[in-house]
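Here the structure is laid out as structure tokens; the discussion comes afterwards.
Where a number appears in this text, it was derived from the coordinates with a stated rule and is not lab data. Keep in mind the model is a prediction, meaning the values are calculated, not measured. For neighbour counting, all protein chains shown are included, and Cβ atoms are generated from backbone atoms with ideal geometry for every residue, glycine included.
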Amino acid sequence: LSDGGTRMYTVHNVRRAPKSYGRAAVLTQWSLSDDVAIPQGAESRASPKLQLRPEKVVTISQDPVTALALSDDGKYGAVGNGEGQILVFRTSNLAVVARLKDAHGLPVTDLAFRPSSNGSDMLLVSV
């Protein structure tokens, strides 16, 4: 989750995709809302339901994604794939802003963002 818990990100590794996708991994940005209308007088019986709505869907990698992480400020995300690549994307538009093609010789198994001590830079750790 990012942006104060209003957005969620998921990755779907497409097994049987159209030829235009290849062996794609699809990144989806979801809008989260609990703005469910509860009938007057039913407040004590009703439980709000979380509403999910896909906002953006992009092909993020041509190889299966094995790890996903979001920065603490919610401005950036990163995915690692089965070929050892890491892609950093901007959450505002899901555009890839950095691509590390030979980050690992094996599949990436975990990613984590860590803010720096000066607050203006960020460190991305991968395993």
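Numerical summary
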{"quantity": "Estimated vicinal HN-Hα couplings, Hz - segment 84-98 in sequence order (Karplus 6.51, -1.76, 1.60; Gly, Pro = x)", "calculated": "x, 8, 10, 10, 9, 10, 8, 6, 5, 9, 6, 7, 6, 10, 8"}
{"quantity": "Förster-model FRET efficiency, 25 Å R0, Gln51 and Asp102, C-beta, rounded to 0.05", "calculated": "0.05"}
{"quantity": "Model label zone, Val127; criterion: amide N under 16 Å from point 7 Å along Cα-to-beta-carbon; scope segment 60-90", "calculated": "66-70, 80-81"}
{"quantity": "Spin-label proximity, Arg114 to segment 62-87 - amide N less than 20 Å from point 7 Å beyond Cα toward beta carbon", "calculated": "67-80, 86-87"}
{"quantity": "Built amide H within the under 5 Å cut-off of Asp63, gap 5+", "calculated": "Ala25"}
{"quantity": "Whole-Hz couplings from phi, Karplus 6.51/-1.76/1.60, listed for segment 55-70; x for Gly and Pro", "calculated": "9, 9, 9, 9, 7, 9, 8, 8, 10, x, 7, 10, 7, 9, 8, 10"}
{"quantity": "Cut-off 13 Å between beta-carbons: net charge of the residues surrounding Ala95, Lys and Arg +1, Asp and Glu -1", "calculated": "+4"}
